[in-house]
Amino acid sequence: MAKYKNNCIKDITNILKALGDENRVRIVMALVDKGQLCVCQIIELLGLAPSTVSKHLYILRQANLIESNKKGRWVYYNLAGGGANKSVRKVLHWLQESLAKDAGIREDKKLLGKILKEDPERLCLKMKKR
């Protein structure tokens with residue numbers, strides 16, 4: 001394969017690979033809806049093991065689709081900010097438009113509403129028991 005001078009093809013390939021999993025798309029759409037979520041909230045939404053969710057989050061971060069920040073004991077995730085490259089911004093916009101009315105995404109939105117009413121500390125304790 002030819003070497004390209006810019007990384008656009010590599011960026012797009014990484015983005016597409018990252019979005020090739022339904023759970024990672026669900027994470028991105030939850031962040032589109034709520035802006036910022038604690039890792040415990042994402043685990044509760046997906047109903048997966050913490051290690052599995054952690055791997056999904058790592059892949060999304062490697063593709064520069066999401067960012068993380070730590071606030072005390074909590075790690076929060078949000079969509080890549082305004083500094084994200086053009087490819088990332090376009091893909092996020094496309095996802096928002098394409099999945100805005102998806103039934104599964106609407107169900108996630110309802111579930112997330114309930115999850116956000118719970119105390120994050122209680123959620124994190126619940127995750128440790130899994």
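Taken together, the values in this text are just the output of simple stated rules run on the coordinates, not laboratory data. If you're wondering where the values come from, they're calculated on a predicted model, not measured in any experiment. Virtual Cβ from ideal backbone geometry, glycine too; neighbours counted across all protein chains shown.
Worth pointing out:
- The order of the peptides 109-122, 47-60 by mean Cβ neighbours within 10 Å, most packed first, is 47-60, 109-122.
- Anchor residue 101: aspartates and glutamates whose Cα lies under 15 Å away (excluding residues fewer than 8 positions away in-chain): 33
- Here the chain is treated as a sphere whose radius is the Kirkwood value from Cα pairs; by Stokes-Einstein at 4 °C and 1.567 mPa s it diffuses with a coefficient of 84 µm²/s.
- This model, with +1 at the C-beta of Lys and Arg and -1 at the C-beta of Asp and Glu, gives the range 8-128 a dipole about its Cα centre of some 220 debye.
- Per residue, the Cα convex hull of the range 42-81 amounts to 70 Å³.
- Among the listed pairs 55/126; 17/90; 17/55; 86/109; 17/70; 34/70, those beyond 21 Å (Cα-Cα): 86/109; 17/70
- Amide H contacts under 5 Å for residue 63: none, restricted to partners 5 or more places along the chain or on a different chain, H placed in the peptide plane at 1.01 Å from N.
- Per-residue [θ]222 nm for the chain (sum of -39500 (n - 2.57) over DSSP H runs n ≥ 4, rounded to 500): -19500 deg cm²/dmol
- Size descriptors for the range 86-130: radius of gyration and Dmax over Cα atoms are 15.1, 41 Å.
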